[in-house]
1. Let me confirm something: among Lys55, Lys73, Lys150, Lys105, which residue is under 24 Å from Asp22 (Cα atoms) and either charged (D, E, K, R) or at pLDDT 95 or above (or both)?
2. Could you tell me how many of the residues in the range 24-57 are in a helix (DSSP H, G or I) and open to solvent by 70 Å² or more (accessible area, probe 1.4 Å)?
3. Does the range 77-84 contain any residue that is open to solvent by 70 Å² or more (accessible area, probe 1.4 Å) and either modelled with pLDDT of 95 or more or part of a helix (DSSP H, G or I) (or both)?
4. Output yes when any residue across the range 88-95 is touching an Asp or Glu at 6+ places or on another chain (Cβ under 6 Å), hydrophobic (A, V, I, L, M, F, W, C) and modelled with pLDDT of 95 or more, and no when none is.
5. Quick check on this structure: which one of Met109, Met75 is within 21 Å of Pro134 (Cα to Cα) and either hydroxyl-bearing (Ser, Thr, Tyr) or touching a helix residue (DSSP H, G or I) at 6+ places or on another chain (Cβ under 9 Å) (or both)?
6. Which one is surrounded by the fewest Cβ atoms within 10 Å (Cβ to Cβ), of the residues in the range 58-70 that are touching a helix residue (DSSP H, G or I) at 6+ places or on another chain (Cβ under 6 Å) and closer than 17 Å to Thr19 by Cα?
7. If I ask for residues that are acidic (Asp, Glu) and either in contact with a Cys (Cβ under 7 Å, 6 or more places away or on another chain) or within 15 Å of Ser53 (Cβ to Cβ) (or both), which ones from the range 89-112 would you list?
Amino acid sequence: MYQDATRWGLTLQTYVQLTMLDQHTKPMISPIRMMERSIHSAKYIFVENLYRSGKMPEVDYIILTEWFDWILKNMKVSVDLIVYLQTSPGMCYQRLKRRCREEEKVIPMEYLEAIHQLYEDWLINQTLFKVPSPVLVLQADDDLQEMMEKYEENQDQILMLDNTQRRL
């Protein structure tokens, strides 16, 4: 997809939308469902980026948007909280290079900058699309240990626990 986004954008994003819909609608087996991304971020960030960058034809964008709108109207895909791990594009690029995944070697810094700006416009500035839930912003340029500490500090809010639900 990164090598030929114009050809594979619709295919990938259709599949992503389907798998995200599946994740949103699976029966709950625990009181909390945590997802790395949602059907909302798939559309508002990744589809939007493909379209704005000229790598998705307007007809493909319209089709995905109409499917997305239908899903929102007809399916339960709500989210209770978005935890935005706000990371600079430079740090994302460093981590990407460190992972050394073959499929990620072709991702340019410009792509990460565009994705970052869309997240900022959506979740921070709230100028892009309607935000479907409250947003908890955690600065995420830190190392893993510092991120674990931030998670622990915010665990009750992330897990939506109040004082009566807190376990000792």
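The values are calculated or read from the model by the stated rules, or taken from the named source; none is laboratory data. Worth saying up front: this structure is predicted, and the values here are computed from it rather than measured. Cβ placement follows ideal geometry from the backbone for every residue including glycine, while neighbour counts extend to all protein chains displayed. Areas reflect the complete protein model, heavy atoms only, side chains present, ligands, DNA and RNA absent. Shrake-Rupley method; radii C 1.70, N 1.55, O 1.52, S 1.80 Å.
1. On the way: Lys55 fails: under 24 Å from Asp22 (Cα atoms); Lys150 fails: under 24 Å from Asp22 (Cα atoms); Lys105 fails: under 24 Å from Asp22 (Cα atoms).
The unique qualifying residue is Lys73.
2. Narrowing the range 24-57 to residues in a helix (DSSP H, G or I): 24-25, 39-52.
Imposing the further condition that a residue be open to solvent by 70 Å² or more (accessible area, probe 1.4 Å) reduces the set to 51-52.
Matching residues across the range 24-57 total 2.
3. Looking through the range 77-84, none of the residues is open to solvent by 70 Å² or more (accessible area, probe 1.4 Å) and either modelled with pLDDT of 95 or more or part of a helix (DSSP H, G or I) (or both).
4. Checked against the condition, which is being touching an Asp or Glu at 6+ places or on another chain (Cβ under 6 Å), hydrophobic (A, V, I, L, M, F, W, C) and modelled with pLDDT of 95 or more, the range 88-95 yields at least one hit.
5. Details: Met109 fails: within 21 Å of Pro134 (Cα to Cα).
Residue meeting the stated conditions: Met75.
6. Step one: list which residues in the range 58-70 are touching a helix residue (DSSP H, G or I) at 6+ places or on another chain (Cβ under 6 Å), which gives 60-61, 64, 68.
In the following step, the residues that additionally are closer than 17 Å to Thr19 by Cα were identified as 64, 68.
Details: Leu64: 23, Phe68: 21.
Only one residue tops the list, namely Phe68.
7. Narrowing the range 89-112 to residues acidic (Asp, Glu): 102-104, 110.
The answer is Glu110, and nothing else.
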